[in-house]
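Bear in mind these aren't lab numbers, they're just calculated from the coordinates by the rules spelled out. In this text, all values refer to a predicted model and were calculated from it rather than measured experimentally. Glycine gets a Cβ as well: all are built from the backbone with ideal geometry, and neighbour counts include every protein chain shown.
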Amino acid sequence: MTVEPTIIPARSGAAVRLKKGESVKLINTLGSQVVDTWAFNSDDIDEYMSMEHTRVMLGKLNPTRGDGLFSNRRRALLTLTEDTTEGVHDTLRAACDPIRYKILGLNDHESCQNNLFTSLKELGIEIERCPCPLNVFEVCNVNADGTILVTPPKAQAGEYVVFRAELDAIVVFSACPMDVFPTNGPDCTPKPVAYVVQH
């Protein structure tokens, strides 16, 4: 039986519940779209996927196929089991939020932070802070002088990643609404993405 992908519209988010051992396939349907990604322990929302802990546990900036994604308690919440892209996924940059857009002169702009809060609220969950996400498909270059530069994603239409839950988890995706910089491609246009839960 073929399961049809669930579409996440451009600029929007979605929360997905996974049982331990289940996977979710995240598809870059049109290419060049960054997806901010979070994960939480379903039984204890205070345990969440932490990029700072993941970098320490992996000893590198970018997770690649086979790597665990670790929580603030240094346990693997997810494992990146498949990746058809070049394997570039940023762990450094905070999610866009209303304050960032106000600094850029934009009020009432959609943001990944708001998508996280809204998606969790639909499950009856409220949190007070936005952890740093795994920015799936985002290309953030670290230069020799220590500066960082975001360039358009290399992910092509139809390319995907798969995450396996290592315990009961809630995964949240946000199709990043950034349209000021080429975060989502040289046209600065956010696009829809899709996901499929694999039991």
What distance in nm separates the two pseudo spin-label positions at residue 92 and residue 123, each 7 Å out from Cα along the beta-carbon direction?
3.0
Please compute the modelled spin-label separation between residue 72 and residue 151, points set 7 Å along Cα→Cβ, answer in nm with one decimal.
3.4
Backbone HN-Hα couplings from phi across region 100-117 [Karplus 6.51/-1.76/1.60, Hz, Gly and Pro as x]
4, 5, 5, 4, 7, x, 10, 9, 6, 8, 4, 8, 5, 4, 5, 4, 4, 4
Stretchable slack from residue 20 to residue 103, in nm (0.36 nm times residue separation minus alpha-carbon distance):
25.8 nm
Points 7 angstrom from Cα along the Cβ direction at residue 56 and residue 168: gap in nanometres?
2.8
What list do you get for 93, 129, 75 if you sort them by fewest beta carbons within 10 Å?
129, 75, 93
Among the listed pairs 60/102; 20/60; 19/102, which are separated by more than 29 Å between their Cα atoms?
60/102; 19/102
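Work out the FRET efficiency for residue 4 and residue 81 from their Cβ-Cβ distance, taking R0 = 22 Å, and round it to the nearest 0.05. Please list the in-between numbers first.
Numbers: r = 21 Å, r/R0 = 0.97.
The value I calculate is 0.55.
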